[in-house]
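Participant: Below you will find the structure I want to go over with you.
Readers should treat all values here as calculations from the given coordinates under stated rules, not as data from a laboratory. Everything numeric here is computed off the predicted structure, so don't read it as measured data. Glycine also receives a Cβ, built like all others from the backbone with ideal geometry; neighbour counts cover every protein chain displayed.
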Amino acid sequence: MFKAVVFDFDYTLEDSSMGIAMSINYALEQMGHGQKPPDAIKKTIGHTLSVAYLMLTGRDDKAEAEQFTKLFKHKADEVMVANTSLYDGVEELVAKLRENGCKTAIVTTKYRFRVEGILEKYGAEDLFDIIVGSDDVKAAKPSPEGLLWVIDRLSLDKADVLYVGDSIVDAKTAANAGVSFAAVLTGTTARADFEGYQSVYIADDVADVCKNVLKIQ
């Protein structure tokens, strides 16, 4: 049994793709770019906003990326919480982990205050010991900075920690931190894409991880 489970947020515990798409397309339009289709935007989820801008426009311009980020934040403040839904059963599963003595945390590229707002909407703000957002670290995932900070704060060994995420960025983050990884297929990354990375288990969703890796139902 792992002593702590650390989760990614987007497409791992929740679906905020509608709010992200609204915010991205607002920013792109304000900058004179056309809107992008949902499938293209979904592939950027889990990356930093500057990387998302590059992926969607092909433009590697720091000033433009900063403007895009500012515009995204402005719109996201209006729409993100209302257009994000936790996956069914997530609150119950995380609560069961804690009942079984497991520490829980979130390490995400989303801003921490945004995560806190979404969890508060569902009354789930007390289910996690630590939340680390992109505004809390100097280097975003796949840098292990956030994950290593959580491990240190919880006073655990790396062997005691499982990181759960839906993307290759998450798999690389776990590898860079030297912790075990469980992939979930609730995002846009296919099972075959995870097979090149070391993982404990490739799961359909968080419930599958709890049942087959953590032995909690």
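Participant: Taking a ≥ b ≥ c as the square roots of the Cα gyration tensor eigenvalues, with a/c under 1.5 meaning rounded and otherwise prolate when a/b beats b/c, else oblate, which class fits region 88-217?
Facilitator: Note, shape of region 88-217 comes out rounded.
Participant: Which of the lysines could a cross-linker span from Lys70 if the Cα-Cα distance has to be under 27 Å and same-chain partners fewer than 8 positions apart are dropped?
Facilitator: Cα-Cα hits under 27 Å: Lys36, Lys42, Lys43, Lys62, Lys110, Lys121, Lys138, Lys141.
Participant: Now a separate question. Does region 28-72 come out rounded, prolate or oblate by the C-alpha gyration tensor, with a ≥ b ≥ c the root eigenvalues, rounded set by a/c under 1.5 and, if not, prolate when a/b is larger than b/c and oblate if not?
Facilitator: Oblate.
Participant: For Tyr163, what residues show an amide H to amide H distance below 5 Å, using hydrogens built from the backbone and excluding near sequence neighbours?
Facilitator: For Tyr163, the qualifying residues are Val6, Ser180, Phe181, Ala182.
Participant: Give the shape of region 1-126 as rounded, prolate or oblate, defined through the alpha-carbon gyration tensor: a ≥ b ≥ c are the square roots of its eigenvalues, a/c under 1.5 means rounded, and otherwise the shape is prolate if a/b is larger than b/c and oblate if not.
Facilitator: Note, shape of region 1-126 comes out prolate.
Participant: Could you list log10 I(q)/I(0) for region 140-198 at q = 0.16 Å⁻¹, which the Debye formula gives when each Cα is one point scatterer?
Facilitator: Debye intensities relative to I(0), on a log10 scale: -0.46.
Participant: Please report, in whole Å³, the volume per residue of the convex hull around the C-alpha atoms of the chain. Don't skip to the answer; put the middle values down first.
Facilitator: Working: hull volume 23.9 nm³, N = 217.
Dividing the Cα hull volume of the chain by its residues yields 110 Å³.
Participant: Shifting gears a bit: Give the cross-link partners of Lys103 among the aspartates and glutamates, using a straight C-alpha distance below 16 Å as the criterion and excluding same-chain residues fewer than 8 apart.
Facilitator: Result set, ordered by chain and number: Asp8, Glu91, Glu92, Glu125, Asp126, Asp129, Asp152, Asp157, Asp160.
Participant: Return P(r) of region 52-159 (all Cα-Cα pairs; 5 Å bins starting at 0; whole %; ordered from short to long distances).
Facilitator: 2, 10, 16, 20, 20, 15, 9, 6, 2, 0
Participant: Add +1 for every Lys or Arg and -1 for every Asp or Glu among the other residues with Cβ under 11 Å from the Cβ of Ala203, and state the total.
Facilitator: Details: positive: Arg191, Lys211; negative: Asp166, Asp204, Asp205, Asp208.
It works out to a net charge of -2.
Participant: Work through the residues other than Asp135 whose Cβ is under 10 Å from its Cβ and net out their charges, Lys, Arg +1 and Asp, Glu -1. All intermediate terms of the calculation are to be shown ahead of the outcome.
Facilitator: Numbers: positive: Lys110, Arg112, Arg114; negative: Asp136.
Within the 10 Å Cβ shell, the charges total +2.
Participant: Sticking with this one: Taking H as built 1.01 Å from N, whose amide H comes closer than 5 Å to the amide H of Ile106, not counting residues under 5 places away?
Facilitator: Amide H neighbours of Ile106: Phe7, Ile130, Ile131, Val132.
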